[in-house]
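Report on the structure given below.
The values are calculated or read from the model by the stated rules, or taken from the named source; none is laboratory data. It should be emphasised that the depicted structure is a prediction, and the values quoted were computed from it without experimental measurement. Virtual Cβ from ideal backbone geometry, glycine too; neighbours counted across all protein chains shown.
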């Protein structure tokens, strides 16, 4: 996403780029040491909005695993939700997808995520600047190490007891498996992943509507 075209549309990207190289080094250096020699064995680093680290209310969104060693992970696409026009988001997302060696998902899936995010935030789009995006599973077939890493990450991004926090998990299976990691830090909600099997099992978008209600209620509290 090192492209002036993206920087014009995605405000958070300008701030994010300044810290990206240092963050990548620190991130990979602190991953559990499990015998891998190269960072490409892990998914992409997470992404956060420009106001995330200084906001009193923090929102973390964890997508389903996206373990593509040579390609982009889902969080790379979430910043495009900052783009208000679906036509522009589609154009940027399609170009971004073309540049990946391996595709995390097709343009239909990306647009489903964009629609879901805009429904959840319902004219509260400024709060997209206070969101932290990541994959829920970072280490392939290494559940023990992945869980340890997830615990450390939750402690860092939420700072227990210091802020008001909300976690939204994309995917019912991952919600049931990982929700206990986040209950100690604040509210936890989820939606069925808004495409593929997730959409089939939630044909009336009930989890999407429930999540929107919970998010708006949470944002309205002090």
Qualifying positions in the stretch 37-54 - buried (at least 18 other Cβ atoms within 10 Å of the Cβ), over 12 Å from residue 13 (Cα atoms) and at pLDDT 80 or above: 46, 52
- prompt: Among the residues of the stretch 64-99, which ones are surrounded by 15 or more Cβ atoms within 10 Å (Cβ to Cβ), at pLDDT below 85 and outside any helix (DSSP H, G or I)?
  reply: 64, 65, 66, 67, 68, 71, 72, 73, 77
- prompt: Are there any pairs with C-beta distances below 8 angstrom linking a residue in the stretch 47-61 that is assigned to a strand (DSSP E or B) to a residue that is at pLDDT below 90 and surrounded by fewer than 16 Cβ atoms within 10 Å (Cβ to Cβ), with the two at least 6 apart or on different chains, and if so which?
  reply: 57/163; 58/163
query: How many of the residues making up the stretch 187-222 are over 16 Å from residue 115 (Cβ atoms) and surrounded by fewer than 19 Cβ atoms within 10 Å (Cβ to Cβ)?
result: 14
